């Protein structure tokens, strides 16, 4: 909700950059304060053993969390099989031979993104109502409601990456040295979530998401948050970190923050605050099957 409000403040584009910085900085501080209040109030209300409470507190402390056994093994395998069926609906003449597809929209509204051996099929709910029901699970909707004041069911995206071991005519290529979202970056200047359901075990060698622990609280990263919103309002911030983290700030992260590979078991849900710098590690071997939750 706060993101929608900020996006509607188009008058900021017409202001001198120093005035724009003051307004945007105030909005970021307000969002952070309101976010802390929501989590605190929820923590007071909920029981000590609430799993959602633990997840929210982990996110607030570290910038990431793992919701273990979000689905059990049997449920997760069923979801994975439904995801794999979506590959059969892809137009092979447009997908199979292409190494790089930035954004291909199909007739049913589903979009496809591809980079070497990494594929994303977006808007799964447009393919089958099965996925709409997954998006409505109460735990994830409650987390989104508290975290970013959104009750809308998230959009679901199937993400497949492999080393050549996965056999399907739509995805013959093995993963290369470039990954979708493979550069350290920040996706939001205000508190927003990105979640991923692991449809198979995520290990260090099959391309986990990497985050820098607690780094969204670093002053340099706070500057990047400001620059990101300035860029969104068409202000030029030069080579300073905004969406992508420049080499100078990346060295700061590597020296000052614990680098965390979000490995997990099948059925676990990974959650990352999008103010926190993160990236997708290159897959060395095996396969990675995820459902991404976008809201």
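Nothing in this text is a laboratory measurement; each read-out follows from the coordinates by a stated rule. Everything quoted here is computed from the prediction, not taken from an experiment. Methodologically, a virtual Cβ is constructed for each residue, glycine included, from the backbone with ideal geometry; neighbour enumeration extends over all protein chains shown.
Estimated purely from DSSP H runs of n ≥ 4, each contributing -39500 (n - 2.57), the mean residue ellipticity at 222 nm for the chain is -11000 deg cm²/dmol once divided by its residues. The overall shape of region 65-154 is prolate: from the C-alpha gyration tensor, with semi-axes ordered a ≥ b ≥ c, the ratio a/c is 1.5 or greater and a/b exceeds b/c. Compared with the direct C-alpha span, the chain from residue 155 to residue 205 gains 15.3 nm at full extension, assuming 0.36 nm per residue.
Each Cα pair under 8 Å and six or more residues apart adds its separation to the average, and for the chain the resulting relative contact order is 27 percent.
What the Cβ-Cβ distance of residue 168 and residue 223 gives, at R0 = 41 Å and to the nearest 0.05, is a FRET efficiency of 0.40. For the residues 234, 49, 276, a GNM of the chain with alpha-carbon springs under 10 Å puts the largest fluctuation on 49.
The alpha carbon centroids of region 94-151 and region 26-77 are separated by 23 Å. Just checking the listed ones, 110, 211, 29: in the Gaussian network model of the chain with Cα springs under 10 Å, the one fluctuating most is 29.
Under the shape rule built on the C-alpha gyration tensor, where the axes satisfy a ≥ b ≥ c, region 192-295 is prolate, since a/c reaches at least 1.5 and a/b is greater than b/c. Between the labelled values (i) 19.4, 57; (ii) 53.7, 184; (iii) 23.0, 95, the entry that holds Rg and Dmax of the Cα atoms in Å as derived from this structure is (i).
Taking a virtual spin label 7 Å from the Cα of residue 99 along the C-beta vector, which residues in region 174-195 bring their backbone nitrogen under 13 Å of it? Zone members listed by number: 174-179. Taking 203, 132, 251 as the candidate residues, the one with maximal mean-square fluctuation in a Gaussian network model of the chain, Cα springs under 10 Å, is 251. With a simple spin-label model that places each label point 7 Å from the Cα along the Cα-to-Cβ direction, the separation between residue 129 and residue 259 comes to 4.8 nm.
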